[in-house]
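Some notes on the structure that comes next.
The values are calculated or read from the model by the stated rules, or taken from the named source; none is laboratory data. Remember, it's a predicted structure, so these values are computed and weren't measured experimentally. Here the Cβ is made from the backbone with ideal geometry for all residues, glycine too, and neighbour counts use every protein chain on show.
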Ligand SMILES: [Zn+2]
């Protein structure tokens, strides 16, 4: 119970301040991600992340950080460790691609304890392929554990378990908010909210989600994805989802105080 109340006090303390949001535009530099003619995922994700950042910067309830602000390469390990230092909430932005030119629509991923389906595993392996080496991955994961090294192992295991479950729950709530506030094409929820072992989402100790904003392999959707008006619509949807998530956290904190 004591651990639970400590965790609660921590959540209340965090929610009273501005929320630190880390936006992660996928790919960049030599890693272009998905492509369609001259259009690249690296460019589109940066444009959309910048639009979301403009809204968040104007809003005193948030502080916003981008893992990259220019078209440069950044490893997944560096993105995760940046997010672990800076974020209360993390969102990685990507563009999808498929061998089926008809595939379209958004997909939002978070980590939970369910087994991912095969398609999600395939997508995760594609998005994770820029990782340097197994050793780098192990190092990045162990960074998370260092801060709790002074706790006795039994207490540490309980704290980590509570934190993990809490994080899964909040990440799930954030993906729901992204789904409902989305400004793009409508789709069935069960096709849109999924889970997959993306490196950046799995190695962050805060609520985190990864959004694939559409398919660059679909010619019609590709034209939308590079259209500044459509990008603004997506960005507004993401911004409102982040506001709604912050309001949820603040309400929870208020309820526990009453
Ligand atoms: Zn990607």
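Please pick out the residue among 75, 104 that is surrounded by fewer than 22 Cβ atoms within 10 Å (Cβ to Cβ) and within 24 Å of residue 193 (Cβ to Cβ). Reasoning before the result, please.
Details: 75 fails: within 24 Å of residue 193 (Cβ to Cβ).
On inspection, the qualifying residue turns out to be 104.
Within the stretch 48-75, can you find the residues that are under 14 Å from residue 27 (Cβ atoms) and part of a strand (DSSP E or B)?
Across the stretch 48-75, the qualifying residue is only 66.
Which residue out of 46, 8, 4, 56 is closer than 24 Å to residue 171 by Cβ, within 16 Å of the ligand (Cβ to nearest atom) and either at pLDDT below 95 or surrounded by 12 or more Cβ atoms within 10 Å (Cβ to Cβ) (or both)?
On the way: 8 fails: within 16 Å of the ligand (Cβ to nearest atom); 4 fails: within 16 Å of the ligand (Cβ to nearest atom); 56 fails: within 16 Å of the ligand (Cβ to nearest atom).
Just one listed residue meets the conditions, 46.
For the stretch 13-41, enumerate the residues that are away from the ligand (no atom under 16 Å from the Cβ) and either modelled with pLDDT of 55 or more or crowded, with 16+ Cβ neighbours inside 10 Å (or both). So that I can check it myself, show each step before the final result.
If we filter the stretch 13-41 for residues that are away from the ligand (no atom under 16 Å from the Cβ), which is where we start, we get 13-22, 37-38.
15, 16, 17, 18, 19, 20, 21, 22, 37, 38 - these are the residues of the stretch 13-41 that are away from the ligand (no atom under 16 Å from the Cβ) and either modelled with pLDDT of 55 or more or crowded, with 16+ Cβ neighbours inside 10 Å (or both).
State the number of residues belonging to the stretch 107-126 that are modelled with pLDDT of 75 or more and either surrounded by fewer than 16 Cβ atoms within 10 Å (Cβ to Cβ) or out of contact with any strand residue (DSSP E or B) (no Cβ under 6 Å at 6 or more places or on another chain) (or both).
From the stretch 107-126, those modelled with pLDDT of 75 or more are 107-111; that's our starting set.
This time we only want the ones that are either surrounded by fewer than 16 Cβ atoms within 10 Å (Cβ to Cβ) or out of contact with any strand residue (DSSP E or B) (no Cβ under 6 Å at 6 or more places or on another chain) (or both), so: 111.
The number of residues fulfilling the criteria is 1.
Condition check ((1) at pLDDT below 90; (2) under 29 Å from residue 103 (Cα atoms)) across all residues:
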residue	(1), (2)
154	yes, no
163	yes, no
180	yes, yes
191	yes, yes
195	yes, yes
202	yes, yes
212	no, yes
216	no, yes
246	no, no
